[in-house]
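Novice: Before we start, here is the structure in question, set down as structure tokens.
No value in this document is a laboratory result; all are computed from the given coordinates. The structure presented is a predicted model; accordingly, all values stated were derived computationally and were not measured. A quick note on method: Cβ atoms are made from the backbone with ideal geometry, for glycine too, and the neighbour counts reach across all protein chains shown.
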Amino acid sequence: MNYISCIIQILEIPIVESYDNDIKMVQFKVQLPYTRNKLQSPIIINSVIWGDLAYDIANYYQVNDYALIEGYLSLPFNNQKKHQTITISITKLYPFLFTLKSKNSN
């Protein structure tokens, strides 16, 4: 695995799942910001967060929010697939261009 630090854009609101021994986990899709070459298609990555950090992403972040993350990048080895899915296991999450909305707003 490779350690990565980058800025991501959240594409979907994750739902916290609970596993054996009360371990919390969320899975959701994120997008890496565009580079200067706009002809490139967006890079969409699956991400996973384990533990108490799962509550933070589910409760405080919204779609199209940006975050600075640190984690481990994994690429499954499969010769038969043309499109391999990249997964980031996020270990640290920092707000970046964060939007706050009150729950009572109309």
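Novice: Can you tell me how much longer the chain between Q27 and W50 gets when fully stretched, taken as 0.36 nm per residue apart minus their C-alpha distance, in nm with one decimal?
Specialist: 7.4 nm
Novice: What does the charge count around K29 come to, taking other residues whose C-beta lies under 15 Å from its C-beta (Lys +1, Arg +1, Asp -1, Glu -1)?
Specialist: -2
Novice: Same structure, new question: Pop the C-beta distance of I15 and S41 into the FRET formula with R0 = 30 Å and round what comes out to the nearest 0.05.
Specialist: The computed FRET efficiency comes out at 0.65.
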